[in-house]
Amino acid sequence: MEGRGISQAVIRRLPRYYRYLGELLEDGVERISSNDLSKRMKVTASQIRQDLNNFGGFGQQGYGYNVKYLHSEIGKILGLDREHNMIIIGAGNLGQALANYTAFERSGFMLKGLFDVNPTLAGVTVRGIEIRMMDELKSFIRNNDIEIAILTIPKTKAVAVANMLVENGIRAIWNFAHTDLNLPDNVVVENVHLSESLMRLSYNVLRYEEKHQKKK
Ligand SMILES: NC(=O)c1ccc[n+]([C@@H]2O[C@H](COP(=O)([O-])OP(=O)(O)OC[C@H]3O[C@@H](n4cnc5c(N)ncnc54)[C@H](O)[C@@H]3O)[C@@H](O)[C@H]2O)c1
């Protein structure tokens, strides 16, 4: 994506466009102006126009955006027009919670396997998907065309396991362990930090309270 000169800030906003356009589609809306989309999404119409111009615009003067077309084009840009095979490494609380979430599959993210080192989990199934031990990992990645690994293991183990995944052909890691992985440039890592999101929430609650008290 960077290769196409699109900033990461725009890329970060695309899933939100995709979600709103999906909702419009479900509501049977065929076209929408940047102004109406702006009101719904609470971002400026010029931001929407600027963002979507990165991809050739999709809009027509006086017509607005064709919702179905725009939704499908953004889906293609995000790689949602194809399936991605995934595995989860670490079938504890978080790993099993993610495995139980079915909505990923609707966007083409197919969970093929769960892996752990705890022998008491061997053979346990989550939504019909078996938890396997790590000695099966190498052949499983190869035989199941696995593209994405989800890391939900303790942070002390994450770097070594990530390196091993990369050695075995994994090129994309969704990293929930609270540590930076520093992998080669040809490996894509997306870090997820729920606690950072919670800290931003806390910051905004504090700012709101401060503002409110000043007004009293
Ligand atoms: N990023 C976030 O927002 C977020 C939120 C919650 C938890 N976490 C992190 O996710 C991780 C998992 O949390 P949890 O609550 O599920 O913990 P958990 O202890 O329930 O699960 C961790 C699992 O990893 C397995 N494991 C340990 N070492 C392993 C290895 N080398 N290979 C394969 N499996 C291994 C354990 O046996 C266990 O089943 C922790 O690092 C936690 O800090 C991150």
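Let's see how each residue does on (1) over 21 Å from residue 138 (Cα atoms); (2) modelled with pLDDT of 90 or more:
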site	(1), (2)
55	yes, no
65	yes, no
79	yes, yes
87	no, yes
100	yes, yes
108	yes, yes
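Which number in (1) in contact (Cβ under 8 Å) with a residue 12 or more places away in the chain; (2) open to solvent by 50 Å² or more (accessible area, probe 1.4 Å); (3) among the aromatic types (Phe, Trp, Tyr) marks the one condition that residue 101 misses?
Of everything listed in (1) in contact (Cβ under 8 Å) with a residue 12 or more places away in the chain; (2) open to solvent by 50 Å² or more (accessible area, probe 1.4 Å); (3) among the aromatic types (Phe, Trp, Tyr), residue 101 misses just condition (1).
Hey, can you tell me all the residues within the stretch 107-131 that are more than 13 Å from residue 150 (Cβ to Cβ) and near the ligand (Cβ under 10 Å from one of its atoms)?
Passing the criteria: 117, 118, 119, 120, 121, 131.
Using beta carbons and a limit of 6 Å, which pairs, at least six apart or on different chains, have the first residue in the stretch 25-53 and in the same structural domain as residue 73 (by TED's automatic domain parsing) and the second one in a strand (DSSP E or B)?
Listed pairs, sorted by first residue: 31/64; 31/66; 32/64; 32/65; 33/64.
Quick test for you: out of 136, 167, pick the one residue that is within 15 Å of the ligand (Cβ to nearest atom), over 19 Å from residue 110 (Cβ atoms), in the same structural domain as residue 117 (by TED's automatic domain parsing) and out of contact with any Leu (no Cβ under 7 Å at 6 or more places or on another chain). Before you say what the answer is, go through the steps one by one.
Details: 136 fails: over 19 Å from residue 110 (Cβ atoms).
So the residue among 136, 167 that is within 15 Å of the ligand (Cβ to nearest atom), over 19 Å from residue 110 (Cβ atoms), in the same structural domain as residue 117 (by TED's automatic domain parsing) and out of contact with any Leu (no Cβ under 7 Å at 6 or more places or on another chain) is 167.
Can you tell me which residues in the stretch 190-210 are open to solvent by 80 Å² or more (accessible area, probe 1.4 Å) and either in contact with a strand residue (DSSP E or B) (Cβ under 7 Å, 6 or more places away or on another chain) or within 15 Å of the ligand (Cβ to nearest atom) (or both)?
Looking only at the stretch 190-210, we keep the residues that are open to solvent by 80 Å² or more (accessible area, probe 1.4 Å), and these are 190, 194, 196, 198-201, 203-204, 206-210.
Across the stretch 190-210, the qualifying residues are 190, 194, 196, 198, 199, 200, 201.
Give the residue that is farthest from residue 85 (Cα to Cα), with candidates limited to residues of the stretch 152-164 that are within 8 Å of the ligand (Cβ to nearest atom) and hydrophobic (A, V, I, L, M, F, W, C).
160
Given (1) farther than 30 Å from residue 25 by Cα; (2) touching a residue at least 12 places away in the same chain (Cβ under 8 Å); (3) open to solvent by 50 Å² or more (accessible area, probe 1.4 Å); (4) touching a strand residue (DSSP E or B) at 6+ places or on another chain (Cβ under 8 Å), where does residue 113 come up short, assuming only one miss?
It fails just one condition, (3).
Take the residues in the stretch 170-189 that are away from the ligand (no atom under 16 Å from the Cβ) and among the hydrophobic types (A, V, I, L, M, F, W, C); name whichever of them is surrounded by the most Cβ atoms within 10 Å (Cβ to Cβ). Spell out how you get there, then give the answer.
Restricting attention to the stretch 170-189, the residues satisfying the condition of being away from the ligand (no atom under 16 Å from the Cβ) are 171-172, 182-188.
If we keep only those that are among the hydrophobic types (A, V, I, L, M, F, W, C) as well, we get 172, 183, 187-188.
Values: 172: 16, 183: 18, 187: 16, 188: 13.
For the stretch 170-189, the residue satisfying everything is 183.
Would you pick out the residues in the stretch 3-54 that are of a type in the set (A, V, I, L, M), out of contact with any Phe, Trp or Tyr (no Cβ under 6 Å at 6 or more places or on another chain) and not in a helix (DSSP H, G or I)?
The first filter runs over the stretch 3-54 and keeps only residues of a type in the set (A, V, I, L, M), leaving 6, 9-11, 14, 21, 24-25, 29, 32, 37, 41, 43, 45, 48, 52.
Imposing the further condition that a residue be out of contact with any Phe, Trp or Tyr (no Cβ under 6 Å at 6 or more places or on another chain) reduces the set to 6, 9-11, 14, 21, 24-25, 29, 37, 43, 45, 48.
Correct list: 6, 29, 43.
The values are calculated or read from the model by the stated rules, or taken from the named source; none is laboratory data. Quick caveat: nothing in here was measured; it's all calculated off a predicted structure. Every residue, glycine among them, receives a Cβ derived from its backbone with ideal geometry; neighbour counts consider all protein chains shown. Accessible surface is based on the protein model in full, side chains and every heavy atom, while ligands, DNA and RNA are left aside. Shrake-Rupley method; radii C 1.70, N 1.55, O 1.52, S 1.80 Å.
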